[in-house]
Amino acid sequence: TNVFINKIWRDNNDDAQKRPDSIIVDILDGDTVVETATITEENGWEYTSKDLPYYDESANIINYTVQEKVVDFYESSIVDVTPNTTGTSIIVPQTYQITNTFYVPEDTIEVKVSKVWDDNDDKAGKRPDSVTLQIKSGETVVGEQKVTNNDNWEYTFEVPKYDDNADEITYTADE
């Protein structure tokens, strides 16, 4: 028999450009890897295994399974879509559909912003009681916090690590 694998991408036609050039899939008999496949767009995101034994040494039908190596920014689901041939003598390939759905991790990072005064320790007495610190993504302000001397003129913002395309965000600070 054979194991047939069909790969489906749910990622808005790779809009975020995170789809890999290939995926690696193991075909298993129980816990034993019997074949490793590289599946690419060139082969239509499909793969058919080499001929595999249909029965084990005790004449039991072997139920092969598949496992995909982790693909960053994609959640994978594997479904056995083999047609039911119970009660017939027809041997059909085991057929698996692997669907990878793009997602943006909800990871956050901490960005510490500190106000540093270069005023000879407020010798002229002009230092304000507070300032408002800002954290920005590009020109967009994503957070603000008023700080004072009691806060040591600093604040730590907790902000998203990734943008909508799962690219790491570079933050800047302002006041």
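The values are calculated or read from the model by the stated rules, or taken from the named source; none is laboratory data. No experiment lies behind these values; they were computed from the predicted model shown. Because the Cβ atoms are built from the backbone with ideal geometry, glycine has one as well, and the counts that use them run over all protein chains shown. We work out accessible area using only protein heavy atoms, side chains counted, and drop any ligands, DNA or RNA first. Shrake-Rupley method; radii C 1.70, N 1.55, O 1.52, S 1.80 Å.
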remark   = Residues of the stretch 94-116 being part of a strand (DSSP E or B), under 30 Å from Glu68 (Cα atoms) and charged (D, E, K, R), in sequence order, are none
ask   = For the stretch 12-40, which residues satisfy the criterion of being at negative phi and of a type in the set (D, E, K, R)?
value = Asp15, Lys18, Arg19, Asp21, Asp26, Asp29, Asp31, Glu35
query = Across the stretch 117-142, which residue is farthest from Ala173 (Cα to Cα) among those that are in a strand (DSSP E or B) and open to solvent by less than 50 Å² (accessible area, probe 1.4 Å)?
reply = Ser130
query = Just checking, how many residues over the stretch 83-102 are at pLDDT 95 or above and either open to solvent by 70 Å² or more (accessible area, probe 1.4 Å) or farther than 24 Å from Ile27 by Cβ (or both)?
reply = 1
task = Mind listing whichever residues of the stretch 143-173 are within 29 Å of Ala16 (Cα to Cα), β-branched (Val, Ile, Thr) and open to solvent by less than 60 Å² (accessible area, probe 1.4 Å)?
result = Val159, Ile169
